[in-house]
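Trainee: The structure under discussion is supplied below as structure tokens; questions concerning it will follow.
The values are calculated or read from the model by the stated rules, or taken from the named source; none is laboratory data. Because the structure is predicted, anything quoted here is derived from the model rather than measured. Here the Cβ positions follow ideal geometry from the backbone for every residue, glycine too, while neighbour counts run over all protein chains shown.
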Amino acid sequence: MHMGKLTVLLCTALLACPLWSSLAWSQDEEADTLRKLKALQQDISQTKATLSGVQNERAELTVELRRAERNIGKLHVKLRRINRQLDQNQREINQLAADQQRLQDNEQKQRKLLREHIQTVYAMGRQSRLKLILNEEDPAAISRTLVYYESLREARSEIITQYQATAAELAAIAPKLESSKQQLKLSRDELLQQRDALAKEQNQRQRTVDALNRDIANNKAKLAQLHRDQQQLQDVLDSLQSLIADMEIPSDFAPFATRKGSLNWPTKGRHLNKFGARRSSEMKWQGITIAAKAGSDIKAIHPGRVVFADWLKGYGLLIILDHGNDYLSLYANNQSILKDLGDWVSAGEVIATVGNSGGRDTSSVYFEIRHAGNALNPSIWCR
């Protein structure tokens, strides 16, 4: 299939898609737009797979790499969820243990007070209150004795009530603590299972990457592959641009153009290339590759909506945000994607994690900013 035919096919499908209007959408309109976005992504994925097969671009290895890296991404999302659950469980256990210790301290104090009251009563002897009162001749003394007995009774009753309440709280904490410890154990067991599954997928991925690298050992083949990968990304961006050209972003979102020079980078790390620099004798960099630790957070540079979230050959797990007024931001080679197609995101919200998908050897994020299909220099926009 010729690249021109591919573009025509994708654009024809896009022309049938309805446009965003505003936040005043009805739920049905919102659902329909999301359905169109998902259909577009599926069409792009299927068309690219077909194109890859026709061009004989090591189709089987590419499909295997896509499968492995998609699975790795899903496993990392699960591991992230499990680790959050582990942290939550541990916080609950720590809080319950602190509450338990506090109640045990209170119980000891209440025991001591109760013991002192019992000793006081015993020290007064075993005479009945009536006999003690009758032995008094002074009416004032009789009155003081009555008040004393009543105060002693009330104090003892209050201490007993508090002691019982403390004992009840202690009894209630024990099963909660045990339940949290059990949940912690289950989460740890699940974590180990997912780690084993991840290790198997990573081993399979590495074998596939090695096979792909052997298949394009010479520079001419590598250059041709770079051209094809870049053209496929361009086709996807052109297709998305056609879809979102007239889509509206919520009115409370600051216009993207007003943030020039003040946007934050999606992640911290060393920049491995300069925008516009030679990538090869015939190609220039259209974005910036940022080296960072695997698993590091990747954050949205500006509020927007997820219009692509899938695997693309050469770029791995890729997420693209629409910021309105024909502005897009692109984040590629991710370890995992944390947002779904159609999700709205805020500036600084974590949308993915740094990885090496797409067949890369080192962890990094490839980052682009586009306007009306044209690549912009991220260094001018981000600080």
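Trainee: Within segment 185-194, is there a residue that is within 19 Å of S357 (Cβ to Cβ) and in contact (Cβ under 8 Å) with a residue 24 or more places away in the chain? Give the derivation first.
Mentor: The initial filter retains those residues of segment 185-194 that are within 19 Å of S357 (Cβ to Cβ), namely 194.
Cutting the leftovers down to in contact (Cβ under 8 Å) with a residue 24 or more places away in the chain gives us 194.
Yes.
Trainee: Quick check, is E107 in contact with a Ser or Thr (Cβ under 7 Å, 6 or more places away or on another chain) and at pLDDT below 85?
Mentor: For E107, the condition - in contact with a Ser or Thr (Cβ under 7 Å, 6 or more places away or on another chain) and at pLDDT below 85 - is met.
Trainee: Here are some residues: L328, L321, L341. Which one is without any contact (Cβ under 8 Å) to a residue 40 or more places away in the chain and in contact with a Lys or Arg (Cβ under 7 Å, 6 or more places away or on another chain)? Step through it out loud before you land on a result.
Mentor: Working: L328 fails: without any contact (Cβ under 8 Å) to a residue 40 or more places away in the chain; L341 fails: without any contact (Cβ under 8 Å) to a residue 40 or more places away in the chain.
Matching residue, one of L328, L321, L341: L321.
Trainee: Okay, moving on. For R360, indicate whether it is within 18 Å of A291 (Cβ to Cβ) and of a type in the set (K, R).
Mentor: Yes; evaluated as a whole, the condition is true for this residue.
Trainee: If you scan segment 240-291, which residues turn out to be outside any loop (DSSP other than H, G, I, E, B), among the polar types (S, T, N, Q) and within 25 Å of the chain's Cα centre (by Cα)?
Mentor: Within segment 240-291, T289 is the sole residue that qualifies.
Trainee: Now for a separate question. Check I159, I173 and return the single one that is modelled with pLDDT under 85, surrounded by 11 or more Cβ atoms within 10 Å (Cβ to Cβ) and either in contact with a helix residue (DSSP H, G or I) (Cβ under 6 Å, 6 or more places away or on another chain) or not charged (D, E, K, R) (or both). Can you show your working first?
Mentor: On the way: I173 fails: modelled with pLDDT under 85.
Sole residue among the options that is modelled with pLDDT under 85, surrounded by 11 or more Cβ atoms within 10 Å (Cβ to Cβ) and either in contact with a helix residue (DSSP H, G or I) (Cβ under 6 Å, 6 or more places away or on another chain) or not charged (D, E, K, R) (or both): I159.
Trainee: Check segment 349-358 and report whether any residue there is surrounded by 20 or more Cβ atoms within 10 Å (Cβ to Cβ) and touching a Pro at 6+ places or on another chain (Cβ under 6 Å).
Mentor: The answer is no, given that none of the residues of segment 349-358 is surrounded by 20 or more Cβ atoms within 10 Å (Cβ to Cβ) and touching a Pro at 6+ places or on another chain (Cβ under 6 Å).
Trainee: Which condition breaks for T267 when tested against (1) in contact (Cβ under 8 Å) with a residue 60 or more places away in the chain; (2) among the hydroxyl-bearing types (S, T, Y); (3) surrounded by fewer than 20 Cβ atoms within 10 Å (Cβ to Cβ)?
Mentor: With (1) in contact (Cβ under 8 Å) with a residue 60 or more places away in the chain; (2) among the hydroxyl-bearing types (S, T, Y); (3) surrounded by fewer than 20 Cβ atoms within 10 Å (Cβ to Cβ) applied to T267, the lone miss is (3).
Trainee: Go through segment 313-361 and give me each residue that's among the charged types (D, E, K, R), at pLDDT below 95 and either farther than 19 Å from K260 by Cβ or assigned to a strand (DSSP E or B) (or both).
Mentor: Listed by number, the residues that qualify are K313, D322, D340, D343, R360, D361.
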